[in-house]
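J.: Below is a structure I'd like to ask you about.
The values are calculated or read from the model by the stated rules, or taken from the named source; none is laboratory data. Here the structure is a predicted model, which means the values were calculated and not measured. With ideal geometry, Cβ positions are generated from the backbone for all residues, glycine too; neighbour counts draw on all protein chains shown.
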C-alpha cells in the first residue's frame, strides 16, 4: 500500500524506505523514459487506440544491488508530457507524489497477477534460468473520476516475492 499513496518529497521513494526498514538497500535504475507507442494492453487500460503515444518509465528495481523486478510505468500523454515523468531523473518522493502535485491523485487501484516463464530479455535482466517462474503484475490506477492515470507492468522472480494485499471493507 505505501506504493499507492503520495509521500512527502523529503521521505524519498517507498521502495527504498521499505528495503531500509528490513536492513537492506533498495534502489532503481531507470533504463528508459519518454514517449512510446502504447502496447495493446496499455492502450486498452487507458481506453485509447493501440499505438497512440504514452509516456513510459522503464526501471530495473534493485535489492542490495541485485535485480529484483522489472517495472514499466505508463502515463497518458496529457498527464506526463513535459513533466519529470518523461525524464530519467529520480523523482523526489516518487512518481505517485509527483502525480498528486500535478492534480492526479489515485483513488482506486486494480491489480491483475499471473505467473509464467520469463522471456529471454527478462531472463537476462533478472539473472534467471529459462525454467524459473515469474510473476507478472499489472496495476491500473484510477483517479476519483475513474479516469486512468497510471499503468504499471511488473515482472518479478516468483521465488523472491511476497505479495501482500490489505483491503478495507465498508
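J.: Being closer than 20 Å to residue 78 by Cβ and touching a helix residue (DSSP H, G or I) at 6+ places or on another chain (Cβ under 9 Å) is the filter here, so list the residues in the stretch 115-142 that pass it.
T.: Within the stretch 115-142, 140, 141 meet the criteria.
J.: Same structure, new question: Go through the stretch 149-170 and report how many residues are surrounded by 13 or more Cβ atoms within 10 Å (Cβ to Cβ) and part of a loop (DSSP other than H, G, I, E, B).
T.: Result for the stretch 149-170: 1.
J.: Which condition number does residue 23 fail, the rest of (1) more than 26 Å from residue 120 (Cα to Cα); (2) modelled with pLDDT of 95 or more being met?
T.: (2)
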